[in-house]
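Data block below; observations after.
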Amino acid sequence: MKKAGTKNAGKQEKTTKKSKSKGERTQAAPKPATETTVAKTATAEAKTRKKTVREDGTMSGIDAAAKILVDAGGALNCKAMVDQAIKKGYWKPGGKTPAATMYAAILREIQKKGDAARFVKTERGMFKIKA
């Protein structure tokens, strides 16, 4: 059994906007040329982003993996890459599963950059540096 008048209970009523007459409308001021110039410069800088240098002298996990694979000359799994990166002081991971972090980062780069990626997946769990 339905209750009468509860269909719209709790809903706000629709309000209509009042349109301004032509005399009441205000025009937006034109933007200064410096804002557009700054925006274009910021966009250009975002595309050519520089790598930040860390205070402790280490690099990111994916950069460390690339360096390890160049030194190795062949395919390695992520566990071996992490072990060598930590041993050589290239990377200091902060998580509990650094191999999984590196694996995800390498896969993300391959998927995002495609042919421009630094890595190639040779077989399950194995990566090598693109020649």
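Coordinate-derived values only; no laboratory data. All figures in this text were calculated on a predicted structure; none of them were measured in a lab. Here Cβ is always computed from backbone atoms with ideal geometry, including for glycine, and neighbour counts include all displayed protein chains.
The table that follows gives values for the structure above.
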{"quantity": "Note, ³J(HN,Hα) from phi for the range 67-76, Karplus 6.51, -1.76, 1.60, rounded to Hz, x at Gly and Pro", "calculated": "5, 5, 5, 5, 5, 6, x, x, 7, 9"}
{"quantity": "For the range 61-129, projected area of the alpha-carbon convex hull averaged over all directions, nm²", "calculated": "4.2"}
{"quantity": "Counted charge near Gln111, where neighbours are those whose Cβ lies closer than 14 Å (Asp, Glu -1; Lys, Arg +1)", "calculated": "+3"}
{"quantity": "Spin-label model distance (nm) - Asp63 vs Lys112, 7 Å beyond Cα toward Cβ", "calculated": "1.5"}
{"quantity": "Label-point separation, Lys130 to Ala72 (7 Å along Cα→Cβ), nm", "calculated": "1.8"}
{"quantity": "Relative contact order (%) - criterion: Cα under 8 Å, at least six apart; region: the range 61-129", "calculated": "42"}
